[in-house]
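The values are calculated or read from the model by the stated rules, or taken from the named source; none is laboratory data. Note that the structure is predicted; figures quoted are calculated from it, not measured. In this analysis, Cβ positions are derived from the backbone assuming ideal geometry, glycine residues included, and neighbour counts consider all displayed protein chains. For accessibility, only protein heavy atoms count, side chains too; no ligands or nucleic acids. Shrake-Rupley method; radii C 1.70, N 1.55, O 1.52, S 1.80 Å.
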Amino acid sequence: MAKFQVNILGCGSATPSALHNPSCQVIDFRDRLMMIDCGEGSQVQMRRMKLKFQRLTDIFISHLHGDHCFGLPGLLSTMALHERGGRVTVHMPQQGMELFRSFINYFCKETPYDIVFNAVSGDGGIIYEDHALTVEAFPLYHRIPCYGYIFREKAKLRHLNGDMVRFYNIPVARLQSIKEGADYVTPAGDVIKNDILTTPADKAASYAYCSDTMFDHRVAQAVRGVDVLYHEATYSDDCATKAADRGHATARQAAAIAAEAGVGKLIIGHYSKRYIDYEVLVREARSVFDNVAGACEGIKIDLL
Ligand SMILES: [Zn+2]
């Protein structure tokens, strides 16, 4: 079965700690890897979780705070030592691109693979697209320019009913259009409706990443209806003022966004190190939205 899996490599805030690594996730989409944020130590977590450097094609950086990008030069440098070929595209807010480009050009000279930078700016929009997936950037509301990312599978094809295909002796050349929803016209001119020949397509899955951001209804609009939402929950509700001052959200606010957006499941993370046990944040979120899980290093979430 096709894979669409989110791997949590780091879900702490601010600095690496004994409990958590800073932000990093890897989307495993049909065996290619796409990283979101790259906090310090992300390359070590990749090794621990057996995520191969060779399969990593794209890195999406939300913003230029160190806990979201300090792992990037080290990771790119290590990948050069592994002599992987091909290309890695780093998508990041425009403000940090020249800084990172010169830094990486200095430390990662003559890499055996190409490093391409893609600036994310303005209102974002679709910044990546292939035959099966789009990645959309949208603004978050933090202390510096910051973007969330939505990974959406494209609509899938309908399933052929093999018995009916054989019964009507449909030529192979017509099968693709029938999977796309077309009716079949027999040589005698009879129209065979598509729903006789096929069963509905599997649902296309979607995943949204929102970190870092303060509570803002525009985030709910941007992520409306996604299957799984990762939303930062740096603090609990008793620190709501501090959260707002620092451009962060509480667990209750993350859940309110999930409820308003009508998502299927909420994953919270980016925990302040004041919380030894993040279950307190999960419980707070569950008081507002039922389907909540706490992120934790090493977990994998299947979207299909
Ligand atoms: Zn930040």
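Which sequence of 260, 180, 83, 40 reflects their accessible areas, 1.4 Å probe, from the largest down?
Listed by decreasing accessible area, they come as 83, 180, 40, 260.
Nothing charged except the Cβ atoms of Lys and Arg (+1) and of Asp and Glu (-1): what's the magnitude of the dipole of the chain about its Cα centre? Round to the nearest 20 debye.
With Lys and Arg at +1 and Asp and Glu at -1, about 540 debye.
Just to verify a number: what accessible area does residue 115 come out at with the full protein assembly present, 1.4 Å probe, Å² rounded to tens?
Estimated to the nearest 10 Å², residue 115 gives 40 Å².
Keeping all protein chains in position, work out how much accessible area residue 3 exposes to a 1.4 Å probe, and write it in Å² to the nearest 10.
It works out to around 80 Å².
Roughly what % antiparallel, to the nearest 5, for the DSSP beta bridges in the chain?
On the way: 34 of 63 bridges.
About 55 percent, rounded to the nearest 5.
Would you give the gap between the C-alpha center of region 225-291 and the C-alpha center of region 101-172, rounded to a whole Å?
Cα centres, region 225-291 to region 101-172: 26 Å.
Mind checking which of 142, 221, 62 is farthest towards the positive end of the chain's charge dipole, using Cβ charges of +1 (Lys, Arg) and -1 (Asp, Glu) about the Cα centre?
Checked the options; the winner is 62.
For a protection proxy built on the mean count of beta-carbon atoms within 10 angstrom, sort 124-135, 247-258 highest first, please.
The densest-packed peptide leads the list: 247-258, 124-135.
With an 8 Å cut-off on Cα pairs and a minimum separation of 6 or more residues, tell me the relative contact order of region 33-148 in percent.
Relative contact order, region 33-148: 24 percent.
In Å², and per residue, what accessible area does region 1-145 have when probed at 1.4 Å with the other protein chains present? The partial results should precede the final answer.
Numbers: 6330 Å² over 145 residues.
On a per-residue basis, 44 Å².
Past 26 Å, Cα to Cα: identify those pairs from 50/156; 154/265; 203/300; 50/179; 154/193, in the order given.
Among 50/156; 154/265; 203/300; 50/179; 154/193, the Cα-Cα distance tops 26 Å for 50/156; 50/179.
Taking all protein chains in place and a 1.4 Å probe, what share, in percent, of the accessible surface of the chain do carbon and sulfur account for?
52
Could you point to the residue in 169, 272, 128 farthest towards the positive end of the chain's charge dipole, with +1 and -1 charges on the Cβ of Lys/Arg and Asp/Glu respectively?
Of the candidates, 169 comes out farthest on the positive side.
What does the accessible area per residue of region 222-271 come to in Å², with a 1.4 Å probe and no ligands, DNA or RNA counted?
Per-residue value: 29 Å².
With charges set only on the Cβ (+1 for Lys and Arg, -1 for Asp and Glu), what does the dipole of region 197-304 come to about its Cα centre, in debye to the nearest 20?
80
Give the ranking of 64, 229 by solvent-accessible surface, highest area first, calculated with a 1.4 Å probe. Before the final figure, lay out the partial values.
Details: 64 50, 229 0 Å².
Sorted descending by solvent-accessible area, the residues read 64, 229.
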